[in-house]
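In what follows, a structure is listed as C-alpha cells, so that the remarks can point back to it.
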Amino acid sequence: MNQPFYVSPEQVMKDRADYARKGIARGRALVAVQYSDGIVLVAENTSNTLRKISEIYDRIGFAGVGKYNEFDQLRRFGVRNADVKGYQYSRDDVEARSLANEYAQILGQTFTHEMKPLEVEILVAEVGFTQESDQLFHIMYDGTLVDEQGMSVLGGDAESIADRLADTWRKDDDLRSAVRGCVAALSGPDRTLGASDTEVAVLSRSNGRRCFRRLDDAEVVALLA
Amino acid sequence: MFGPDDDPGSSFVSLLRRVGIEPFGVESTTGVGAVNAPHGTTVLALRFEDGVVMAGDRRATMGHRISNREMEKVVPADRFSGVAIAGTAGPAMDMIKVFQLQLEHFEKLDGRPISLEGKANQLSQLVRANLPAAMQGLGVSPIFAGYDLLRRTGRLWDFDVTGGRYEERDFVAIGSGGGPASTVLKVGYRPGMSVEDAITLACRALHEAADVDAATGGADALRGIYPVVATITSDGWVRRADSDLAPRFEGFLTEQRAILGGGAS
C-alpha cells in the first residue's frame, strides 16, 4: 500500500489561500464608502440581473465578489438569519456585527475543514443613525474579519483601487462625488466605466425604515454626467 | 446554511418551521367556544380612479368593555399593498406581522416583489393556517388591497376564516359594523371616483357604522383619535393625516345637527 506523501499544514493552508485568492482575483472588484447621508456601494458588474450588492435588513447591506453561487448562498443565509432574529426579538436587535461574526465563522470553518475554500470576499455594511456609527465589516475567504474605517475595497486589484480611492474620497462627500470617485477608482486611468458596467446601491439614512436602495441605470448616468 | 436539497426557498413561514418556530401557536385544543380576547371592528376598502382607499376604526372591545381606543387595524403590508383585519386582535396582529415579513423576505431573497395576486394568495394561506384557532373562537378575517403594478389598477380581496379568497370588484367592508358600512359604500360608490370623494365616502361609512355598532369606534375629537385612512396608488401607501380627516367627521355632525334641529323647529 502506498503511503500518502506528507504535506505540512503550512503548505496546505498556503495552497488553499492561493486557490481562493486566484478565484477572487479573476472577478471584478467592488468598493463601498461612507458619504454624507450613509454608505454607497459600487461594483463593477455587467450583468443586470445577477447582483453583487443587496439588502439584508433595514440598515444592513451585503456585497460579495468572487464566485457568484457561493456569495449568493451567503447572502441568502444573511437575509434568513436577520429576518428570523428580527421576528423572534425585535427589528432593533438585528445588527451587522453579529452577522459579520457568523459569516467569519462559516468562512473560517469552510477554509480549514472542507476540500475547497469559498472563493469569495464579502462586505457587511450597516448604516448608523449618525455617520460615526456606520460600520463596514470586510470578511476574507479564510474568515479573517476586518472592521474597516470609511472605505472598503473587495476583489482583484484591491490595493491599487484603494490607493486611487483614498486620493479622492472624503467622508462628507455628497452622493454624486462619492459615486464618481468610486467609479473612477474602479476603472483606473486606462478605461472608463459607464452605468451599464456598474451596479450601484446606497444605504441611506433618509430612506425610511428600509435604508437600502438600488440606483437604476438612468440615475447612475445622471450622477456620472 | 441550507444545502440545495433542503433549502426552504423564499417563504418566511417555511423558514420559521424549518428552524423550529411555529408561527401559528394554536394547533388544536379541546373544547370549542369563545375565548374572551379583544375583538374589532369595521374595516373597509374601495377603489377610486388611481388606486384604492383603505380605512378602519380604532376600537377594540372585550365583551362590553372597550379594551383599546387606538388600535391600528389597517396597516401597510409593503409599499404597494395594505391589509385590514377584523376579528380577534392577538392572532390578527401576529398574522399581519408574519404577512409583512413574508412579503419582505421574499422580496429580499428573490430580488423582486411578489405580484399583487401572489400576495393575496399568500395571505389566504396564512388565514387557512389559522383555522384551528378560528375554531376556538379566535377567528381572523382580513381585507387585502393594493395597487397592481402589472395591470396599473387598484384591486381588493376579502377572505373567510377558511382561507377562501374573493376578489371584489369595487368595495368591501367587514367586521361587526361591516353591514351598515357596506350599505353606505353601496349607495355612495361611483366608478372612477376621485381620491377626495373616495376618502369622504370611506369616512362616512365608518361614521355610520360607529353610529349603530357598539364595537366600532367613531371619530374621537375629544382625545384626537381618528380612524386610519390610507390610499395606495402607483406612488405607494400614503396614510392620511388626522387633520385631513377631522373636518370630514365634523361635517357629518353638522349635517346631522341640521337635520335634527330642522325637525325640532
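The values are calculated or read from the model by the stated rules, or taken from the named source; none is laboratory data. Keep in mind the model is a prediction, meaning the values are calculated, not measured. Here Cβ is always computed from backbone atoms with ideal geometry, including for glycine, and neighbour counts include all displayed protein chains.
Could you please find all residues in segment B:130-155 being under 19 Å from B:Val98 (Cβ atoms) and of a type in the set (Val, Ile, Thr)?
B:Val140, B:Ile143
Quick one: how many residues across segment A:149-198 are surrounded by fewer than 17 Cβ atoms within 10 Å (Cβ to Cβ) and among the hydroxyl-bearing types (Ser, Thr, Tyr)?
Of the residues in that region, 5 qualify.
Does segment A:70-87 contain any residue that is more than 21 Å from A:Arg214 (Cα to Cα), of a type in the set (A, V, I, L, M) and outside any helix (DSSP H, G or I)?
no
Quick check on segment B:122-142. Is at least one of its residues small (Gly, Ala, Ser) and modelled with pLDDT of 95 or more?
no
Can you go through B:Ser67, B:Ser81 and tell me which one is more than 14 Å from chain A (Cβ to nearest Cβ), at pLDDT 90 or above and touching a strand residue (DSSP E or B) at 6+ places or on another chain (Cβ under 8 Å)?
The match here is B:Ser81.
Residues of segment A:103-112 being surrounded by fewer than 16 Cβ atoms within 10 Å (Cβ to Cβ) and either within 14 Å of chain B (Cβ to nearest Cβ) or under 16 Å from the mean Cα position of the chain (by Cα) (or both), which ones?
Answer for segment A:103-112, where residues must be surrounded by fewer than 16 Cβ atoms within 10 Å (Cβ to Cβ) and either within 14 Å of chain B (Cβ to nearest Cβ) or under 16 Å from the mean Cα position of the chain (by Cα) (or both): A:Gln105, A:Gln109.
Mind checking which residues of segment B:1-43 are hydrophobic (A, V, I, L, M, F, W, C) and modelled with pLDDT of 85 or more?
Passing the criteria: B:Phe12, B:Val13, B:Leu15, B:Leu16, B:Val19, B:Ile21, B:Val43.
Return yes or no: is A:Arg28 in contact (Cβ under 8 Å) with a residue 12 or more places away in the chain, at the interface with chain B (Cβ under 10 Å from one of its Cβ atoms), among the charged types (D, E, K, R) and under 18 Å from A:Val200 (Cβ atoms)?
It is false that A:Arg28 is in contact (Cβ under 8 Å) with a residue 12 or more places away in the chain, at the interface with chain B (Cβ under 10 Å from one of its Cβ atoms), among the charged types (D, E, K, R) and under 18 Å from A:Val200 (Cβ atoms).
State all residues of segment B:134-149 that are within 22 Å of B:Thr42 (Cβ to Cβ) and of a type in the set (A, V, I, L, M); if no residue qualifies, say none.
Matches in segment B:134-149: B:Ala134, B:Leu138, B:Val140, B:Ile143, B:Ala145.
If a residue counts only when it is within 17 Å of the chain's Cα centre (by Cα) and surrounded by 18 or more Cβ atoms within 10 Å (Cβ to Cβ), which strands (runs of 3 or more DSSP E) contained entirely in segment B:44-162 have at least 1 such residues?
Here the list reads B:51-56, B:60-62, B:74-78, B:81-87, B:140-148, B:153-159.
Go through segment A:49-94 and count every residue that is surrounded by 19 or more Cβ atoms within 10 Å (Cβ to Cβ), in contact with a Lys or Arg (Cβ under 7 Å, 6 or more places away or on another chain) and away from chain B (no Cβ under 11 Å).
Residues in segment A:49-94 being surrounded by 19 or more Cβ atoms within 10 Å (Cβ to Cβ), in contact with a Lys or Arg (Cβ under 7 Å, 6 or more places away or on another chain) and away from chain B (no Cβ under 11 Å): 4 in total.
Given the residues A:Ile53, A:Ile60, A:Ile39, which is the only one that is within 12 Å of the chain's Cα centre (by Cα) and either farther than 23 Å from A:Ala166 by Cα or of a type in the set (Phe, Trp, Tyr) (or both)?
Every option except A:Ile60 fails the conditions.
Among the numbered criteria (1) of a type in the set (A, V, I, L, M, F, W, C); (2) modelled with pLDDT under 95; (3) in contact with a helix residue (DSSP H, G or I) (Cβ under 9 Å, 6 or more places away or on another chain), which single criterion is violated by B:Phe106?
So the condition that B:Phe106 fails would be (2).
Would you pick out the residues in segment B:222-238 that are more than 19 Å from B:Gly177 (Cβ to Cβ), in contact (Cβ under 8 Å) with a residue 12 or more places away in the chain and surrounded by 12 or more Cβ atoms within 10 Å (Cβ to Cβ)?
B:Thr231, B:Ile232, B:Thr233, B:Ser234, B:Gly236, B:Trp237
Among B:Leu185, B:Leu206, which is the only one that is hydrophobic (A, V, I, L, M, F, W, C), in a helix (DSSP H, G or I) and in contact with a Pro (Cβ under 7 Å, 6 or more places away or on another chain)?
Within the list B:Leu185, B:Leu206, the selection yields B:Leu206.
Which condition breaks for A:Thr130 when tested against (1) in contact with a strand residue (DSSP E or B) (Cβ under 8 Å, 6 or more places away or on another chain); (2) closer than 20 Å to A:Ser204 by Cβ; (3) not charged (D, E, K, R)?
Only one criterion in (1) in contact with a strand residue (DSSP E or B) (Cβ under 8 Å, 6 or more places away or on another chain); (2) closer than 20 Å to A:Ser204 by Cβ; (3) not charged (D, E, K, R) is unmet by A:Thr130, namely (1).
Every residue in segment A:105-154 that is more than 21 Å from A:Lys22 (Cβ to Cβ) and in contact (Cβ under 8 Å) with a residue 60 or more places away in the chain, please.
Passing the criteria: A:Val124, A:Ala125, A:Glu126, A:Val127, A:Gly128, A:Phe129, A:Gln131, A:Asp134, A:Leu136, A:Gly150, A:Met151, A:Ser152.
Quick grid of which residues meet (1) surrounded by fewer than 24 Cβ atoms within 10 Å (Cβ to Cβ); (2) touching a residue at least 40 places away in the same chain (Cβ under 8 Å); (3) outside any strand (DSSP E or B); (4) not polar (S, T, N, Q):
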site	(1), (2), (3), (4)
A:Pro4	yes, no, yes, yes
A:Val7	yes, no, yes, yes
A:Asp15	yes, no, yes, yes
A:Asp18	yes, no, yes, yes
A:Arg21	yes, yes, yes, yes
A:Val33	no, yes, no, yes
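Only one of A:Asp147, A:Asp163 is within 23 Å of A:Val179 (Cα to Cα), assigned to a strand (DSSP E or B) and of a type outside the set (Val, Ile, Thr). Can you tell me which?
None of the other options fit; the residue is A:Asp147.
Looking at B:Asp78, B:Asp110, B:Asp94, which one is in contact with a Leu (Cβ under 6 Å, 6 or more places away or on another chain) and acidic (Asp, Glu)?
B:Asp78
Taking the stated definitions as given, is B:Arg47 among the basic types (Lys, Arg), modelled with pLDDT under 90 and within 30 Å of B:Asp110 (Cβ to Cβ)?
no
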